[in-house]
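The values are calculated or read from the model by the stated rules, or taken from the named source; none is laboratory data. The model shown is predicted, which means the values in this text are computed figures rather than measured ones. Here the Cβ is made from the backbone with ideal geometry for all residues, glycine too, and neighbour counts use every protein chain on show.
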Amino acid sequence: MPAVPPVAAPPALPLDAEGILALAARSMFHLFSSISQGMFLVDSSGRIVWVNEGYRRFLPVLGFSSIDQFLGHMVEDVIPNTQMRRVLETGEPILVDLLTNKAGTFVVSRIPLRAESDGREGGVRGVGDVIGAIGIVLFDQPETTLQPLISKFALLQRDLDDARRELASQRNNPLYQHAPDGQRRSKYTFASFIGSSPAAVEVKRHARRAAQSTSPVLLLGETGTGKELLAHAIHASSARAKGLFVSVNIAAVPDTLLEAEFFGFAPGAFTGADRRGREGKFKLADGGSLFLDEIGDMPLGLQAKLLRALQEGEIEPLGSNKLVPFDARVIAATSRDLPELVRRGLFREDLYYRLNVLPLRVSPLRERRSDIPALVEALGEDMALRSGEAPPELTPDALALLAGQHWRGNIRELRNVLEQVTMRSDSQRIDATQLERILREAGLEQIAPPEVLQSSGDEEVALLRPLAQQVAELEQKAIVAALASTGGNKLATSRLLGISRATLYERMTNPVR
């Protein structure tokens, strides 16, 4: 083999390679410490041994006045919902995760630290034991910093959901006539639940944990909040995802038919019954999930039979003396106050306790107003895909007007309003004036007015402007004052204001969002 020309030979490894490697490691450590929103180290037992200056601003919220008080505590004792113990036990990093506790919602990274191995035994360099872990707060306002990424991912997820629905609609094709499940598959995942507000993040976190269980789930919340969507997502993320997702809207089925709908019936069980009999929804959901929507509307007489089915895992079809076993995970939902129904004797107390094993409260839209811009974008895109027309574009003042509504119908009402806005407006771009006119024409009972102080003159006139503009001006004044107090230091300014540097730069360059 001919010799390789000297010019093409790779550079020789420097003699102090180990020193350069150690220097690089220290440099990267200091770099992450300076650019992150906070960083700390724990030892192999999970005890906090070091905290950088950036993490200091979280300490008062966590109940500590100084770093010295914080050091020495077990990490799970002082940082609620942390996963550092899992990293120490498994040795596996968690590179990107959302952490929500009383200090806020953060994008964090957790990396195990391993002891170096000299590899003298056997001549093979091995992997050292876990001697600790490093926790890094990457972003402290994920709803702002990661919103473009979240919106893009949600759009891709909606495209995938649409493709699945299109595929399901083809089941009438002869090629699909023998498919046993028809269209009884989950249509949504957790990515379909739009929102990055603390309330949305919290309910998705609890729902993901519920998906890993086999116990009944009870979804509580007002109508139109997305309870059915979460039921689909829980099934899709569970070990039963390959099974059927069978849904029954109890409020939509006549009381006289509910028992047959649930438990099925034997051949000739009653006049007009199918001669072949019929399986009920419980048996149909065998191996999958059964979603009982509006469980609070179930007739009292049927509740005892439902309770027995849930406790025994078997049903008795109408007109039959045989007990049929089933294995279905029950997910129930209601917009009614079940404890109040129990007190009034309209809902069995024992059935309530049987269902209320993993309760999840889905917050109304008025408690997650920061999600409205993302919801408007998602709903607009979905409407555009169905109608073939461009989605409406709402100005910041129009979005502020939407955020001021009560939204008794929640997301369902928001979608209805957007559809009416699209149909009634002559232009694609909608401002607050147009939106308010359309809302009044649509018969909305209450339109939140601009917030005006009881004053007169120029001050009152100044307040009669779009909310987004007023908020942006107040932000700019706060930023200017903070920059002046820190001598123009951007990092110190961001920490003083309690926002990330990325958010500070975004506010400085784009004050009106």
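Here are the numbers:
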{"item": "Count - residues of the stretch 326-371 that are under 21 Å from residue 285 (Cα atoms) and either free of Cβ contacts under 8 Å to residues at least 24 places away in the same chain or touching a strand residue (DSSP E or B) at 6+ places or on another chain (Cβ under 7 Å) (or both)", "result": "11"}
{"item": "Failed condition for residue 231, given (1) at pLDDT 90 or above; (2) over 20 Å from residue 310 (Cβ atoms); (3) of a type outside the set (Val, Ile, Thr)", "result": "(2)"}
{"item": "Any pair with Cβ under 8 angstrom, 6 or more apart, that starts in the stretch 379-394 at a residue that is buried (at least 16 other Cβ atoms within 10 Å of the Cβ) and ends at one that is among the hydrophobic types (A, V, I, L, M, F, W, C) and part of a loop (DSSP other than H, G, I, E, B)", "result": "none"}
{"item": "Strands (runs of 3 or more DSSP E) wholly inside the stretch 277-381 containing at least 3 residues that are β-branched (Val, Ile, Thr)", "result": "329-334"}
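Yes or no, residue by residue, for (1) part of a helix (DSSP H, G or I); (2) surrounded by 15 or more Cβ atoms within 10 Å (Cβ to Cβ); (3) of a type in the set (Gly, Ala, Ser):
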| site | (1), (2), (3) |
| --- | --- |
| 27 | yes, no, yes |
| 32 | yes, yes, no |
| 49 | no, no, no |
| 54 | yes, yes, yes |
| 59 | yes, yes, no |
| 69 | yes, no, no |
| 82 | no, yes, no |
